Amino acid sequence: MVRFEVLPFLGLLFVGTLCGSMIMPYMAYFVVEGLGRDPWAISLYAGAVAVLVVLINRRFAKWMDAGTRPFPLIGMAAAGFLTATAALSLIPAFWTVLSFGVLGFAVSSSAMSTMFSLGGIIAQHSAIKRTSFNAYMRATTSTAWMVGPALSFVVADQVGPVAVFQVAVGVGLIWLGLWWWVAPRDAAIEPTAPGTTDRRGSLTVALWIAVSFVFCLSVAHFMTFTALPLFFVQEVGLPGYAPGHAFSVKTFVEVLAILLTPILIARVGIRRSLLATGLLAVVAIQFLASVQSYPQMLLGAALEGFYYGLFSTLAISFVQSFAEDRPAYATAMYWNTLMVTGLLGGPAAGLIAQIYDFRTVILVASAVALFSVLILAIGSRHPQVRSVSAS
């Protein structure tokens, strides 16, 4: 059960994630449909944002591990979001997207890593296990993602493309107000004691094993996520509304799976749970590639949501466990990995589909998921990785 004292923080996380989820999937649509640009123009925006987010997350993580308070960093993220959405509301042009949009949305995207680092501090002060609090935060972000994209596209359809940014300005003001009233001002990570740095050499190998596992399974998920809507409609012959129903089932089951992860960690351990999750991902993606009917699609979506809900929460705790003296750095590594895989997974899916078909994309994604399991299984021989399985 979530404690009452952490609910305001989870509310802040929800609104901040809602802001991001309104914009991230919408920008590609806005660039092509709203501004009339060719699809390749999306890559200019997405690539620039991804590079900036990775750099900003690394810098902010370094500051936080050195003792910088997350409070002003979250405020910068909210201000960046407001700046970008206000600029696009007033001047909806492609040069605005590549200037105010890239900078503002890149800064605002850093909030996810910063908020999860702050969550670790709050969990410690509230005597809550970090793995359990990670589950609370992941459930909160998944719930926000159920709302944000749908809100954007409904507004765009009913009012107009620019109206999305106008609504986002209003939500951004709520985010800024909650940040001012809810975010703890003095919370900070205790800087690393000099004696703990001796462990970093051995932990670096284990940390990169964990990140490599996350990278591969996340690439598999993004490839599947990109290919499934067109696979269901074009190749299976399901109606146009089917992908939306599949996404709703996936996200609902995902939240349930996220809430299950603290129990799995306590009874089985993170490493074994992740190995089982990776194998489940292989099975789920293979099943999705064989879908031939609407009920099969819903079952496949449930399997996909179950494995991804487990993965998303177990993986961040797994990565964090190898750098407890640098928690913000580990958290930034996790989110940066997801950012890079999102950037690579979509184009990879498009290239494979162009040469073969969307079912082949899903089959390749299943092979990548299997490779992630092999990475974790082989990497488990490392003593630092084995030690986590008991945590």
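Summing Lys and Arg as +1 and Asp and Glu as -1 over all other residues whose Cβ lies under 11 Å from the Cβ of Ser321 gives a net charge of +1. Assuming a ≥ b ≥ c are the square roots of the Cα gyration tensor eigenvalues, decide whether the range 131-192 counts as rounded (a/c under 1.5), prolate (otherwise, with a/b larger than b/c) or oblate. Oblate.
Please state the shape class of the range 35-192: rounded when a/c is under 1.5, otherwise prolate if a/b exceeds b/c and oblate if not, all from the C-alpha gyration tensor. It is prolate, given that a/c is not under 1.5 and a/b is the larger ratio.
Net charge in the neighbourhood of Gly300 (other residues with Cβ under 15 Å of its Cβ; Lys, Arg +1, Asp, Glu -1) is -1.
Of the chymotrypsin sites (Phe, Trp or Tyr not before Pro) found in the range 324-360, those in coil by DSSP whose Cβ has at most 15 other Cβ atoms within 10 Å are Tyr356.
Report, in deg cm²/dmol and to the nearest 500, the calculated mean residue ellipticity at 222 nm for the chain, where each DSSP H run with n ≥ 4 adds -39500 (n - 2.57) and the sum is divided by the residue count.
Values: 15 runs with 301 residues, N = 391.
Per the formula, -26500 deg cm²/dmol.
Of the labelled figures (i) 59, 51, 35; (ii) 57, 47, 36; (iii) 73, 49, 35, only one reflects Cα extents along the principal axes in Å as derived from the coordinates, namely (ii).
Listed values for the range 78-92 are Karplus-derived 3J(HN,Hα) couplings in whole Hz (6.51 cos²θ - 1.76 cosθ + 1.60, θ = phi - 60°), namely 5, 5, x, 5, 5, 4, 5, 5, 5, 4, 6, 5, 7, 10, x, and x replaces Gly and Pro. Of all the options Ile122, Ile258, Ile316, the one that moves most in a Gaussian network model of the chain with Cα springs shorter than 10 angstrom is Ile122. Structure remark: mean-square fluctuation, Gaussian network model of the chain, C-alpha springs under 10 Å; the largest value among Leu338, Leu228, Leu98 belongs to Leu98. Each residue of the range 52-69 was assigned a 3J(HN,Hα) from its phi angle through the Karplus curve 6.51 cos²θ - 1.76 cosθ + 1.60 (θ = phi - 60°); the sequence is 5, 4, 4, 5, 5, 4, 5, 5, 4, 4, 4, 5, 5, 5, 8, x, 5, 6 Hz, with glycine and proline shown as x. The residues of the range 257-391 expose, per residue, 40 Å² of accessible area to a 1.4 Å probe.
For the chain, modelled as a GNM whose springs connect Cα atoms under 10 angstrom apart, the maximal fluctuation among Ala349, Ala156, Ala315 occurs at Ala156.
Counting only protein heavy atoms and a 1.4 Å probe, tell me what percentage of the chain's accessible area is made up of carbon and sulfur. Numbers along the way, then the final one.
Working: 11290 of 16550 Å².
With neighbouring chains kept in place, the figure for the chain is 68 percent.
Accessible area per residue was computed with a 1.4 Å probe on protein heavy atoms; His125 scores about 130 Å². Principal axis extents of the Cα atoms in the range 267-391, from largest to smallest and rounded to whole angstrom, are 47, 30, 23. The overall shape of the range 50-118, judged from the alpha-carbon gyration tensor, is prolate: a/c is not under 1.5, and a/b is greater than b/c.
Find the accessible area per residue for the range 31-170; the probe is 1.4 Å, ligands and nucleic acids are left out, and the unit is Å². Mind showing how you got there, number by number?
Values: 5690 Å² over 140 residues.
Normalised by residue count, the accessible surface of the range 31-170 is 41 Å².
All other residues whose Cβ lies under 10 angstrom from that of Glu190 are scored, Lys and Arg at +1 and Asp and Glu at -1, for a net of -2. Derived scalar couplings between HN and Hα for the range 18-25 equal 4, 4, x, 6, 5, 9, 4, x Hz in order, rounded to whole Hz, by the Karplus curve 6.51 cos²θ - 1.76 cosθ + 1.60 (θ = phi - 60°), x for Gly and Pro.
The values are calculated or read from the model by the stated rules, or taken from the named source; none is laboratory data. Just so it is clear, the model here is predicted, and its values are computed rather than measured. Using ideal geometry, Cβ is built from the backbone for each residue, glycine included, and neighbour counts are taken over all protein chains shown. The protein model used for the area step is the full one, side chains on, heavy atoms only, and it has no ligands, DNA or RNA in it. Shrake-Rupley method; radii C 1.70, N 1.55, O 1.52, S 1.80 Å.
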